[in-house]
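K.L.:
Provided herewith is a single structure, encoded as structure tokens, for subsequent inquiry.
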Amino acid sequence: MGEFVGIDPLGADKLIRQMEAGKDVLGRARPGLEAAINEAGPDWAGRGGVTAMHRTWAFFHESQQDLKWRVDTIKQMVPTQQKGMLTGTLLFNSETEAAQAAKKDANAVTEALKLHDQYLSGQSWGEVEKALAALKNRADDPAYAATLLAALGPEIFQKLFRDWMNTQAKGDRRGLTPEALKRAGDASPGLLARAFASAESSGRLGKEWQKMIETAPSDVLTALVALAPQSGTFLTRVATNLLNRPPNSDAIPTDPNWNLYNLAKAFEANPDAFRRFLAEHQKEAGVLLDAHTIRTTGVPAYEDALARALHEALKPGSPVDFDMRERAWITVINAIGSENTLWVGGSLGTFANSPISRMLAQDIRPILDQLARGQAYKNAREQFERARRLGTENTMMVPYLKPRPPWDTLDPAVSARFFGALMQDPTAADTLMKAGAEYIRELDMGRFNPFDPDNYGQEAHVNLAERAGAMASQLLAGSTYAEWSDDEYAERIAGYILMPVDYVDEYFPVASKVGSTVKAKGLDEIKDQLKSIITDYLDKKTPKDARDVAGTLLELQSEGLMRSLKENGHGLLTSTQQDLLRDAMAGRMQGALIDALERRGG
């Protein structure tokens, strides 16, 4: 028994749609034809016109059903994203034959379960397993699976999972461990999970199965999504329901929570579903990412599994899911960097060895520009408002800084705390530093002369400098949460302050190549001075407060650049030009720098 078939699912779907269009034409033509035949009466010359039309419609309909069954079955048998021909051997000759076999197998399972309920012995459970073994190689057939599940019903389906757990994994009271899950995959739960995936993903399950998500125990649901690749829709519904359940809804809330681990593993295997989940279910995603959740699962591997799932969902990919990926990123940033986050400054301690921090720092590079724009736009708005209050009405907002949607909804203070959470891990901090420096270099501010007579050139240069300074400012704000020694901290802060001027080595547009002088002769010296001032402040060797120290640091930064400009033949700068460079080079870092110094020195 069995039929070897080759099907191109895309071509088959197209043919199914064409037959549907044919049915629609026939359906519209039938009333008119019947009316014409009735009106003509005995004079009607045709023979069996309406009957032939009915037969044609029925042929299209039956062919559609058969072809859809074959496509659904072959797609379950060959789970792949490849396009073109898929081949396999169908166990049944028709959908009807598959349904008949399923009814017979479901009856055998039900009878075996009744006997087990009567004797509750290892032997009686063995008979249940024996009956369920019939699903092997059949569970991939959606028609068979749907009929089987309909005959069993949600209650017996759940009971089969529960009874297996009670007999084979008694100690796993909050989800199956990886070892138990492997055994389940080779036994009846694995077959049931595959049958469920076949029926649900092909749209053949009734509404009662959707209601099961609301009532089934957590460990049954997480076993179901972990044992077989369920549809993204079902996986998302399971995750949303579980993460809305009360924290202590499990029978033994103090046991290790393997349910969350299994959910994370299921999302790791389905990055498209996780990406959409993060983008569309911010509240529930926040539970997964909550520092308290991570620290209290009792399963250290949970953080690793979640880190891998986040990497698969957020790493740069195809342009098709670009918008969804960005929205997912915003959810992650808001969850980790929220005002009351326990990721930073909480009673749980620091996340100094966090795979999540390292993975996010690794994948963050493509979105840095939007985070920098958010901070730069906020800085520019505040500067504009200050100037307006002082009566300098001719002050203009720097154009083109505002981040595009959906990034315009993200609070820069949240993204700064997000950086801070990641920077508690030294490896993640180094990765972020390198990514920030690379971003600033790639801005290529030297494309525009800050003293260009053309206003566009000046505005363009300031725009780039604002973004560079904003990036340094975000890292600076985040660094207040990093676990560094005072010496490391002073070294890092000095590096942040010099970030906006470090580009001149390659890009500053003057004939005498100012950058080479600044970097080769002066930049290291300036950095040493900056570090010395910061160290004195931290060691309380100066009476100056954080605001005074920040002013000294930023002034030293600007003076070093302008002195080098003069020494390289650029001539004396006007006060306006000096103000322009001072603002651009400082990159609106003053507020973040003061806050960083106060937090560390206070």
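Just so you know, all these numbers are worked out from the coordinates, no wet-lab data involved. All values derive from a computational prediction rather than experimental measurement. Cβ coordinates were reconstructed from backbone atoms using ideal geometry, including for glycine residues, and neighbour counts include every protein chain displayed.
K.L.:
Which pairs break 25 Å Cα to Cα here: 14/103; 103/207; 315/378? If you can, show how the numbers build up before the last one.
P.N.:
Details: 14/103 32 Å; 103/207 20 Å; 315/378 27 Å.
Too far apart for the 25 Å limit: 14/103; 315/378.
K.L.:
Using alpha carbon centroids, what distance separates the range 301-380 and the range 128-201, in Å?
P.N.:
36
K.L.:
If the only charges are +1 at each Lys and Arg Cβ and -1 at each Asp and Glu Cβ, what is the size of the charge dipole of the range 118-222 around the Cα centre, to the nearest 20 debye? Numbers along the way, then the final one.
P.N.:
Working: 14 positive and 13 negative charges, 15 e Å.
Approximately 80 debye in magnitude.
K.L.:
Apply the Karplus parameterisation 6.51 cos²θ - 1.76 cosθ + 1.60, with θ equal to phi minus 60°, to every residue of the range 456-470 and state each ³J(HN,Hα) to the nearest whole Hz, in sequence, with x for glycine and proline.
P.N.:
In residue order, the calculated couplings are 4, x, 5, 5, 5, 4, 5, 4, 5, 5, 4, 5, 5, x, 5 Hz.
K.L.:
Further, regarding this structure: Give the cross-link partners of residue 159 among the aspartates and glutamates, using a straight C-alpha distance below 20 Å as the criterion and excluding same-chain residues fewer than 8 apart.
P.N.:
Those aspartates and glutamates meeting the cut-off are 105, 111, 117, 127, 129, 172, 186, 200, 208, 214, 219, 250.
K.L.:
When you count, for each residue, the other Cβ atoms within 10 Å and take the mean per peptide, how do 287-294, 259-266 rank with the highest first?
P.N.:
Numbers: 287-294: 19.5, 259-266: 25.9.
Put in order of decreasing packing, that is 259-266, 287-294.
K.L.:
Multiply the residue separation of residue 155 and residue 240 by 0.36 nm, subtract the distance between their alpha-carbon atoms, and state the gained length in nm to one decimal. Working shown, then result.
P.N.:
Values: separation 85, 0.36 × 85 = 30.60 nm, distance 2.14 nm.
Value of the extension gain: 28.5 nm.
K.L.:
Further, regarding this structure: Let me see the pair-distance distribution of the range 227-384: every alpha carbon pair, 5 Å bin width, integer percents in order.
P.N.:
1, 8, 17, 21, 21, 15, 8, 5, 2, 1, 0, 0
K.L.:
If you take the charge dipole of the range 186-325 about its Cα centre, with +1 on Lys and Arg Cβ and -1 on Asp and Glu Cβ, which of 236, 285, 309 is farthest toward its positive end?
P.N.:
236
K.L.:
Next question, about the same structure. Please compute the Kirkwood hydrodynamic radius over the range 181-241, one decimal place, Å, based on all pairs of different Cα atoms. Could you put the intermediate results ahead of the total?
P.N.:
Numbers: mean 1/r = 0.0860 Å⁻¹.
Here the Kirkwood hydrodynamic radius works out to 11.6 Å.
K.L.:
Gain in length, residue 182 to residue 352, computed as 0.36 nm per residue apart minus the alpha-carbon separation, to one decimal in nm? Could you put the intermediate results ahead of the total?
P.N.:
Numbers: separation 170, 0.36 × 170 = 61.20 nm, distance 3.21 nm.
Here the segment from residue 182 to residue 352 would lengthen by 58.0 nm.
K.L.:
With a Förster radius of 41 Å, plug the Cβ-Cβ distance of residue 454 and residue 559 into 1/(1 + (r/R0)^6) and report the FRET value to the nearest 0.05. Intermediate values should be presented prior to the final figure.
P.N.:
Numbers: r = 27 Å, r/R0 = 0.67.
For residue 454 and residue 559, the calculated efficiency is 0.90.
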